[in-house]
Amino acid sequence: GEDVEQSLFLSVREGDSSVINCTYTDSSSTYLYWYKQEPGAGLQLLTYIFSNMDMKQDQRLTVLLNKKDKHLSLRIADTQTGDSAIYFCAETGANFGNEKLTFGTGTRLTIIP
Amino acid sequence: DVKVTQSSRYLVKRTGEKVFLECVQDMDHENMFWYRQDPGLGLRLIYFSYDVKMKEKGDIPEGYSVSREKKERFSLILESASTNQTSMYLCASRLQGVSYGYTFGSGTRLTVV
């Protein structure tokens, strides 16, 4: 079945850039997503990228997709304390009806003052 | 603002009890999902539903059942709660179509003692 992998932890100094990485196995993935979960809350969609794109930028967020290596990354520029959260990578396949998302384990981002 | 509402933030139940977790969405979404979230394991899909009265097993359906009698409501049922079902349960919904992503509820933290 599909598998999505992420590192569990990342620590970054305030003001630096954070890069969260994700690898996936499903070559038919059409959309890949990044979700953010703040403490005690549900998941919030941050951004998504279609598989025929290799980059998407939205303010401080940059998503890079290397489809050949099945590698997705999320870069957060000028990391702030409010960026402390768990970040989940997720993917969905191409087949109609196969619309469920497969999530990674989540990466806990800690900001060092 | 669109909403997915889970009826309880925290629940404590005894082993062997029948437990109902309720989820309601106000977006007229066709698709609804139940996940459980455990540290280091990410989100794992329990059950999902494409429409009223339809249900599909996810990756870990054992010990759970679901009910979708109305479009806006998707209930997760623990037939006989066990301690290994202590977890955070997240409900999500999505409009039909892969590009939209999910809208999540805030989660129910269930403790089975």
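Taking the Cα centre of the range B:16-76 as reference, the dipole from Cβ charges on Lys and Arg (+1) and Asp and Glu (-1) amounts to some 160 debye.
Remark: mean inter-chain Cβ contacts per residue of B:37-43 equal 6, using a 10 Å Cβ-Cβ cutoff to other protein chain atoms.
When chain A is treated as a Gaussian network with alpha carbon springs shorter than 10 Å, the biggest mean-square fluctuation among A:18, A:51, A:28 belongs to A:28. Summing Cβ point charges (Lys, Arg +1; Asp, Glu -1) relative to the Cα centre of chain B gives a dipole of roughly 240 debye. Placing +1 on the Cβ of every Lys and Arg and -1 on the Cβ of every Asp and Glu, with nothing else charged, gives the range A:5-68 a dipole about its Cα centre of roughly 140 debye. For the peptide A:12-25, the mean number of other protein chain Cβ atoms found within 10 angstrom of a residue's Cβ is 0.
Among the trypsin sites (Lys or Arg not before Pro) in the range B:38-110, those located in a DSSP loop and surrounded by at most 14 other Cβ atoms within 10 Å of their own Cβ are B:53.
Mean per-residue shielding of peptide B:44-57 is 1, counting Cβ atoms of other chains within 10 Å of each Cβ. If you take all other residues with their beta carbon under 11 Å from the beta carbon of residue B:8, and give Lys and Arg +1 and Asp and Glu -1, the sum is +2.
Relative to one another, the C-alpha centroids of the range B:1-74 and the range A:15-84 are positioned 26 Å apart.
In terms of surrounding Cβ atoms within a 10 Å radius of their Cβ, B:77, B:46 rank from fewest to most as B:77, B:46.
Bear in mind these aren't lab numbers, they're just calculated from the coordinates by the rules spelled out. Everything numeric in this text was worked out from a predicted model, so none of it was measured. We place every Cβ from the backbone using ideal geometry, glycine too, and count neighbours over all the protein chains shown.
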